Amino acid sequence: MNPLEIGWCLICMYRVADQIVEILEKAGVKRIYGIVGDSLNPVTDALRRRKTIEWIHVRHEEVAAFAASAEAQLSGNLAVCCGSSGPGNLHLINGLFDAHRNHAPVLAIASHIPQSQVGMEYFQATHPEQLFKECSAYAELVSEASQAPCILMSAIQHAWARRDVGVVVLPGDIADAPAEMKNLVHPPSYTRENVVPEHESVSLLARMLDDHRRITFFCGAGCAGAEDKVVRLAHRLKAPIAYTWRGKDYFEHDNPLGIGMTGLLGWGDAYKAMHESDMLVLWGTDFPYFNFIPTKPEIVQIDRRGEVLGRRCRLDLGICGDVSVTAEALLNMVQEKTDSGHLDAALNRHARDVKEMNAYMEGNDKESPIRPEQLTTALNRHAASDAVFTVDTGTPCIWSARFLCATPGRRTLASFNHGSMANAMPMAIGAQMEYPERQVIALCGDGGLSMLLGDLITIVQYRLPVKIVVYNNDCLDFIQLEMQAAGLIPWQINLNNPSFAAVADAVGIKGFLLDKSSQVDQMVDMFLNYPGAALLDAHVDRDALALPPYISMGQAADFSLAMMKQTLAGEVKQVWNTLAGNRKLFKP
């Protein structure tokens, strides 16, 4: 065989990389987010030749993982990201932690140094199969070609069945080797079982519900698809419904029993109603802030994940089961209550609290800076009824939780449990890729957007009509609040920001500058209706206080102490601005 024939055979050879791409095709993967190069080249070349899966070239692999997480959460399907050896796949880790904690089915292909060099301190050597263990349900190294299909299939099945991250560590020389075990190339099994609770436990819960008078429901994202049954049950029991931020999408709209959220982002009567109840039922939530959960009522928790039962609070009864199955069973077992005193009191307090919270919905008497409440209210008013909102960690979380109204078609994505900065814009990329016709709005902090600013270019490159809102207050605002609540003088929180509108224009995104309160409504409308990618650089008040629904005496004392320290340190103007700018919140 002459050299040309040998070369042609090598080109046509069915390699491990081809096998991997074929399995991903059969798994229904539409696109892969990542950066090409180095040990990943065999895989990306297979993608180029097969032309069945789209490659989304991001500027930073962290963006790839966040985008895949968003796609998986919105679609419910497997999403994929890739990173090359060493630094390339290490950049994935923050976004993968977010996917792991958001229960998003994400597959990560972490390409690796040549298998023959593992353990030899080779260039870019790491141990990804160890590094990714903490943020995944499965992370394994392919050490020979015959393992590739079974390890990939295992990673896919773990990601899907556990709603988690699966990681395949793939050395470049293995990816380029001839494929083996070709009989393992088949579609994965995308099935998920119902978790049926024990009949005895459900019967006990029904008796407890009949025996208690002041019952409150606290509902999370585990209720998705079962919210109608939960609301019907609450109607029967005259139980107000509080919910987590992740539960807001399902329980805020069309729910006359809703009383808002508890926790740091909370609003409405949720905190008080939960603490005044004699029975609290946690539905599909592993709410992490245990200090907002009362200790006096009897507490019941229902979740399909048995491992989370009772790890945040005392439990009088824990039930491992799907919310839908459990609620449906209870509807046939509990008696309808006639005493609505607890519900009526909670709803009346809730209406009053919402009115007070809305004090700054229409701004204040100053043109600038703009109240973030006014900006978020305008976004809510003009956004599409099926808009997807992606939200940065920080004060954008607070304003969106309180002033964006859920509808049956809207979705909100955030770094709910991982709490990462810089997640909103990358998530918007994944959301817009999955739903090109839907309106996708990223609510970004100025600190968060600055972290991954380069991927604005990705939005331009793929002509994504993402709308980016920057809450520009020239500081790390949430950190400022944390420091003040701890009695500390805010320090090293100031940001010397560029004009984000000018930066957007420079990369090919339409920039809008908003710095006057009287222009908010009109400019938000123009911004959201712009036919393409747009960025709204909104100069908002850094002194706007986002207080939780309940403040302990200690927190109030610490905040006052911080104000006093700032005054003594010569920051009198800053203290005055904070107090004067929030005077409506402090009225008697």
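Some values worked out for this structure:
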{"read-out": "Any hit, the stretch 66-75, residues being closer than 30 Å to Asn194 by Cα, at pLDDT 95 or above, under 18 Å from the mean Cα position of the chain (by Cα) and surrounded by fewer than 20 Cβ atoms within 10 Å (Cβ to Cβ)", "value": "yes"}
{"read-out": "Index of the failed condition, Gly318 passing every other in (1) outside any helix (DSSP H, G or I); (2) more than 31 Å from the chain's Cα centre (by Cα); (3) modelled with pLDDT of 95 or more", "value": "(2)"}
{"read-out": "Test: residue in the stretch 7-19 that is surrounded by 24 or more Cβ atoms within 10 Å (Cβ to Cβ), modelled with pLDDT of 95 or more and either not polar (S, T, N, Q) or not in a helix (DSSP H, G or I) (or both)", "value": "yes"}
{"read-out": "Cross-chain or 6+ apart pairs with Cβ under 6 Å, the stretch 205-229 first and of a type in the set (Lys, Arg), then part of a strand (DSSP E or B) and open to solvent by less than 50 Å² (accessible area, probe 1.4 Å)", "value": "none"}
{"read-out": "Extreme residue, farthest from Arg246 (Cα to Cα), among residues of the stretch 421-435 that are part of a loop (DSSP other than H, G, I, E, B) and open to solvent by 10 Å² or more (accessible area, probe 1.4 Å)", "value": "Tyr435"}
{"read-out": "Qualifying residue in the stretch 342-356 (condition: within 26 Å of the chain's Cα centre (by Cα) and surrounded by fewer than 19 Cβ atoms within 10 Å (Cβ to Cβ))", "value": "yes"}
{"read-out": "Test: residue in the stretch 229-252 that is modelled with pLDDT of 95 or more, closer than 30 Å to Ile23 by Cβ and part of a helix (DSSP H, G or I)", "value": "no"}
{"read-out": "Whichever residue in the stretch 295-315 is under 18 Å from His275 (Cα atoms) and surrounded by 17 or more Cβ atoms within 10 Å (Cβ to Cβ) and, among such residues, is modelled with the lowest pLDDT", "value": "Arg312"}
{"read-out": "The one condition in (1) open to solvent by 60 Å² or more (accessible area, probe 1.4 Å); (2) among the charged types (D, E, K, R); (3) in contact with a Ser or Thr (Cβ under 6 Å, 6 or more places away or on another chain) that Asp477 fails to fulfil", "value": "(1)"}
{"read-out": "Odd one out for Thr52 among (1) without any contact (Cβ under 8 Å) to a residue 12 or more places away in the chain; (2) within 22 Å of Gly76 (Cα to Cα)", "value": "(1)"}
{"read-out": "Any chance Thr407 is touching a residue at least 60 places away in the same chain (Cβ under 8 Å) and farther than 22 Å from Ala383 by Cα", "value": "no"}
{"read-out": "Residues that are outside any loop (DSSP other than H, G, I, E, B) and at pLDDT 85 or above, drawn from the stretch 483-501", "value": "Asn494, Phe500, Ala501"}
{"read-out": "Any hit, the stretch 398-406, residues being among the polar types (S, T, N, Q), part of a helix (DSSP H, G or I), crowded, with 23+ Cβ neighbours inside 10 Å and touching a strand residue (DSSP E or B) at 6+ places or on another chain (Cβ under 8 Å)", "value": "yes"}
{"read-out": "Selected residue (only one of Leu107, Leu170 is open to solvent by less than 10 Å² (accessible area, probe 1.4 Å), touching a Gly at 6+ places or on another chain (Cβ under 7 Å), at negative phi and outside any loop (DSSP other than H, G, I, E, B))", "value": "Leu107"}
{"read-out": "Condition met for Ala378 (touching a residue at least 12 places away in the same chain (Cβ under 8 Å), of a type outside the set (Val, Ile, Thr) and open to solvent by less than 30 Å² (accessible area, probe 1.4 Å))", "value": "yes"}
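The values are calculated or read from the model by the stated rules, or taken from the named source; none is laboratory data. Keep in mind that what you see is a predicted model, and the values were worked out from it rather than measured. Positions of Cβ are generated from backbone atoms using ideal geometry, with glycine treated the same way; all protein chains shown enter the neighbour counts. Remember, those area values only see protein heavy atoms, side chains included, never the ligands or the DNA or RNA. Shrake-Rupley method; radii C 1.70, N 1.55, O 1.52, S 1.80 Å.
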